[in-house]
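Structure below; questions to follow.
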Amino acid sequence: MELKIIELTDTYARFVVSGTRPDMANALRRCLMMEVPKMAIDTVEFHLGPIRDEEGREFESVSPLFDEIIAHRLGLVPIPTEPDLYTYKDQCSCEGEGCPSCTIIYSLNKKGPGDVYSGDLEPLGSQELRIRDDLIPIVKLGPGQAILAYASAELGTAKRHVKWQVTSGTNYRYYPGIAIDADKCRGDLACVAACPRHVLASKDGKPVVEDLEACMLCKSCVEACENEAITVEGDDTKFIFEFETDGSLTARQTLEKALEVLENKFENFRELISELD
């Protein structure tokens, strides 16, 4: 299997995987979606009763939403994650009690009137753990309302709950192959006009392939060509992948972790087979 990066940013990746099969490509897709671990808020403890500020004003620990809805929204906030620095809570040496090796704790202390955002979550520890996307709305507080809560984040995967899913829009397609028969082509350029992704262009009055990797195998150009001068086929040994992350991990971290998980799964399967022999 060979991998070539086409585009890579902090939250987006587009790359080509070649020398493999559709089932292996789908295994990588599923690992990207379901097996990459990240931190997410799993438990939230709300303070009940009145809250006083520095000036002695009293606020009621209530909001327009049920605590369960607020906890759900907090659970979907992307938590910055270094997966190699944390372990799963049920596998930690603290035996699930919660420690810096398996848990990140945030405090939320906001008084109304005003909006509560993800940036209002304050990490109890390093400021590197602050939420990167700090404008995710949580709830709008009215006069005299306040929230005081402690939220605990732990490591997990999307197989357990979608709040641990790192990627979105994860997809792949066969690598396209486009052939233009110059003897059949009349040069009316109908195929160029029909292409929705601007894969084809005109050169010296003839259609040419300008951006092959933008092709999504829709075959609109084939349907537009009356002389069957153009053919489009997908290569089932080569695939174009793309995905986005929620910001908890970078796209590079996500891809590297998915490949690591996939390799470990194959190695475990190989060991199980060898035991049968």
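Might you report the magnitude of the Cβ-based charge dipole of the chain about its Cα centre, with Lys and Arg at +1 and Asp and Glu at -1, to the nearest 20 debye?
On the way: 30 positive and 49 negative charges, 104 e Å.
Charge dipole of the chain: 500 debye, to the nearest 20.
Determine one quarter of the surface area of the Cα convex hull of the chain, which equals its mean projected area, and express it in nm² to one decimal. Working shown, then result.
Values: hull surface 87.8 nm².
Average projection, Cα convex hull of the chain: 22.0 nm².
Please turn the phi angles of the stretch 132-144 into ³J(HN,Hα) values with the Karplus equation 6.51 cos²θ - 1.76 cosθ + 1.60 (θ = phi - 60°), one per residue in order, whole Hz, x for glycine and proline.
Rounded to whole hertz, the list is 6, 8, 8, 10, 7, x, 10, 6, 10, 8, x, x, x.
DSSP loop GluC sites (Glu not before Pro) in the stretch 28-78 with at most 10 other Cβ atoms within 10 Å of their Cβ, which ones? Intermediate values should be presented prior to the final figure.
Working: sites: Glu35, Glu45, Glu54, Glu55, Glu58, Glu60, Glu68; in loops: Glu35, Glu54, Glu55.
For GluC sites (Glu not before Pro) across the stretch 28-78 that sit outside H, G, I, E and B with at most 10 neighbouring Cβ atoms in 10 Å, the list reads Glu54, Glu55.
Please turn the phi angles of the stretch 108-122 into ³J(HN,Hα) values with the Karplus equation 6.51 cos²θ - 1.76 cosθ + 1.60 (θ = phi - 60°), one per residue in order, whole Hz, x for glycine and proline.
Computed from phi, the couplings for the stretch 108-122 are 10, 9, 9, 10, x, x, x, 8, 9, 10, 4, x, 7, 6, 9 Hz.
At 0.36 nm per residue, and after removing the present C-alpha to C-alpha distance, how many nm does the segment from Arg130 to Glu97 gain when stretched out fully? Before the final figure, lay out each step's value.
Working: separation 33, 0.36 × 33 = 11.88 nm, distance 2.27 nm.
Length gained, Arg130 through Glu97: 9.6 nm.
For the stretch 93-225, list log₁₀ I(q)/I(0) at each q in 0.12, 0.13, 0.21 Å⁻¹, using the Debye formula over Cα point scatterers of equal strength and ignoring solvent, two decimals each.
Treating every Cα as an identical point scatterer, log10 I(q)/I(0) equals -0.68, -0.71, -1.23.
For the chain, set up a GNM with springs between Cα atoms under 10 Å and report which of Thr81, Thr43, Thr245 has the largest fluctuation.
Of the options given, Thr43 has the highest mean-square fluctuation.
Give me, ordered by chain and number, the residues 5 or more places off Thr43 or on other chains with an amide H under 5 Å from its own placed amide H.
Correct list: Ser152.
Could you size up the charge dipole of the stretch 38-164 around its Cα centre, putting +1 on the beta carbon of Lys and Arg and -1 on that of Asp and Glu, and report it in debye to the nearest 20? Before the final figure, lay out the partial values.
Numbers: 13 positive and 21 negative charges, 82 e Å.
Result for the stretch 38-164 is approximately 400 debye, rounded to the nearest 20.
Can you check what the net charge comes to around Gly205, using other residues whose Cβ is under 12 Å from the Cβ of Gly205 (Lys, Arg +1; Asp, Glu -1)? Display every interim value, and only then the final one.
Details: positive: Arg186, Lys203, Lys206; negative: Asp188, Asp204.
Around Gly205, the surrounding residues sum to +1.
Same structure, new question: Along its principal axes, what span do the Cα atoms of the stretch 170-261 show, with the longest given first and each in whole Å?
The Cα atoms of the stretch 170-261 stretch 52, 24, 19 Å along their principal axes.
Could I ask something else about it? With a ≥ b ≥ c the root eigenvalues of the C-alpha gyration tensor of the stretch 1-44, is it rounded (a/c under 1.5), prolate (a/b larger than b/c) or oblate? Provide the component values of the computation, followed by the final result.
Working: a/c = 4.50, a/b = 1.69, b/c = 2.67.
In terms of gyration-tensor shape, oblate.
Given labels modelled 7 Å from the Cα in the Cβ direction, how far is it in nm from Tyr88 to Arg252?
Result: 2.8 nm between the two label points.
Pairs to check: Lys4/Lys38; Lys38/Lys89; Lys184/Lys206; Lys4/Lys159. Give those whose C-alpha atoms are more than 22 Å from each other in this structure.
Numbers: Lys4/Lys38 25 Å; Lys38/Lys89 12 Å; Lys184/Lys206 11 Å; Lys4/Lys159 28 Å.
The pairs that break the limit, which is 22 Å between Cα atoms, are Lys4/Lys38; Lys4/Lys159.
Compute the long axis of helix 22-34 from its Cα atoms, compare it with the longest principal axis of the Cα atoms of the chain, and write down the angle in degrees, 0 to 90, nearest 10.
Approximately 20 degrees, to the nearest 10.
Quote to one decimal, in nm, the extra length available between Ser107 and Arg52 on full extension: 0.36 nm per residue of separation minus the C-alpha distance between them. If you can, show how the numbers build up before the last one.
Numbers: separation 55, 0.36 × 55 = 19.80 nm, distance 1.64 nm.
Gain on stretching Ser107 to Arg52: 18.2 nm.
Sticking with this structure for a sec: Under the rule of -39500 (n - 2.57) per DSSP H run of 4 or more residues, summed and divided by the residues of the chain, what mean residue ellipticity at 222 nm is obtained, to the nearest 500 deg cm²/dmol?
Working: 5 runs with 58 residues, N = 277.
-6500 deg cm²/dmol, from helical runs alone.
On each of the three principal axes of the Cα atoms of the stretch 38-164, give max minus min coordinate, whole Å, ordered largest first.
In descending order, the Cα extents are 44, 25, 24 Å.
Which length gain, in nm to one decimal place, applies between Thr43 and Met216 when the Cα-Cα distance is subtracted from 0.36 nm times their residue separation?
Details: separation 173, 0.36 × 173 = 62.28 nm, distance 4.26 nm.
Using 0.36 nm per residue and subtracting the Cα-Cα distance, I get 58.0 nm.
Each reported figure results from applying straightforward, stated rules to the coordinates on display, with no laboratory input. What you are looking at is a predicted structure, and each value in this text was computed from that prediction instead of being measured. Reconstructed Cβ throughout: ideal geometry from the backbone, glycine too, with neighbour counts over all protein chains shown.
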